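Working notes for the structure below.
The values are calculated or read from the model by the stated rules, or taken from the named source; none is laboratory data. Bear in mind the structure is a predicted one, so any value in this text is a computation, not a measurement. Reconstructed Cβ throughout: ideal geometry from the backbone, glycine too, with neighbour counts over all protein chains shown. What goes into the accessible areas is simple: the full protein's heavy atoms, side chains included, and nothing from ligands, DNA or RNA. Shrake-Rupley method; radii C 1.70, N 1.55, O 1.52, S 1.80 Å.
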Amino acid sequence: MGMVTNDPKLFAQTIENVLSGSSLLESMSIESIYGLDRLVIASKSLKRLVVGSISGVFDIEISCPKLEKLKLLKCLNVNDAKLLNLPSSLCATIDFRHPRGQKTCKSLIKDILQQRQHVKELKFGSLFISILPNMKVGDGSSPLLNVKYLTLDSPHLVKHHSGISYVLRISHVLEKLIINVRPYCKANPKGGNNYWLRDATVFDCLESHLKTIKIVGFDFPERDARCQHMLYLVQFLLKNARVLERMVVVVKDDGTGFPLEVSHELLSLPRCSQNAIIEFVCSKEIGNFL
């Protein structure tokens, strides 16, 4: 079921009627909503739910015990999000956009992490990754995630390295990691601290769980500081992932010798796991590999 409306009152009444009168409804998509004080979605039958491009909805509550896939995309100005009665087998994508202040956003992210500790698969947008470094692990309010499959959309890798580090630290049983680092910011960072080789620590997931890593990126017009930071990250992962079985690196074919140069450097990097296989993919359409 898809639903598009710009009338908040009509929407609220419609969503209530649909959910109360459709005991077999399995799929719902809610798009382009503005002005609701509260959005409540409660269903015993829903398996797939997409909530996208909403703004001015200050409180969201979702209670769907049979939900298999959840996407919260481009949700603006959300103060509180309650994700209740969701199964541990859930695959969730969470990408809030929150200009109302870092304090409120930090509280929202912390609440979601605490509610979704046992989700099987998670995908975080750049807002989550950028806020996470300001949340302290071990202070009693930052839970461990039991997620096994994690995707991070991190278009500004240089800015998000500590956020990626945080997620790895709390995801202690992580088995598969995907990092999408495109599109890139236009700015060309110069110098900077080599975080992954100087400051990053080894995490539990690297010691005994992480088996598959996919990095989609290296879409650079030329070798620059952004490329070097990517190589630092790959080097760190290869050096410390003891049970790694497969790393896939996807590079955009720009018609130059750059992809070949990167592939030679990647394949020459030392790896902790003797069983690790590095797959280098060069393609003109890297979006197909996400």
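Worth pointing out:
- The Cβ shell under 13 Å around Val173 holds other residues with a net charge of +1, Lys and Arg each +1, Asp and Glu each -1.
- Ser53 accessible area, assembled protein chains, probe 1.4 Å, Å²: 60 Å²
- Only protein heavy atoms count here; under a 1.4 Å probe, Glu261 has an accessible surface of about 80 Å².
- Taking amide H as placed 1.01 Å from N in the peptide plane, the amide H of Cys282 sits under 5 Å from that of Val251, each at least 5 places away or on another chain.
- For the stretch 230-238, 3J(HN,Hα) per residue [Karplus equation, 6.51 cos²θ - 1.76 cosθ + 1.60, θ = phi - 60°, Hz, x = Gly/Pro]: 4, 5, 4, 5, 4, 4, 4, 5, 5
- Accessible area in the full protein assembly, largest first, 1.4 Å probe, for Thr93, Thr201: Thr201, Thr93
- Alpha-carbon centroids, the stretch 25-92 and the stretch 229-290: separation in whole Å: 36 Å
- Taking amide H positions as modeled 1.01 Å from N, with prolines and chain starts lacking one, the residues under 5 Å from Lys214 and 5 or more places away or on another chain are Leu177, Ile178, Ile179, Val248.
- With all protein chains modelled, accessible area of Asp153 [1.4 Å, Å²]: 40 Å²
- Other residues lying with their Cβ under 15 Å from the Cβ of Glu245 contribute a combined charge of +4, Lys and Arg counting +1, Asp and Glu -1.
- Among the listed pairs Lys74/Lys239; Lys120/Lys239; Lys82/Lys148; Lys47/Lys211; Lys44/Lys120; Lys239/Lys284, those beyond 31 Å (Cα-Cα): Lys74/Lys239
- Under 15 Å, Cβ to Cβ, from Gln274 - net charge with Lys/Arg +1 and Asp/Glu -1: +4
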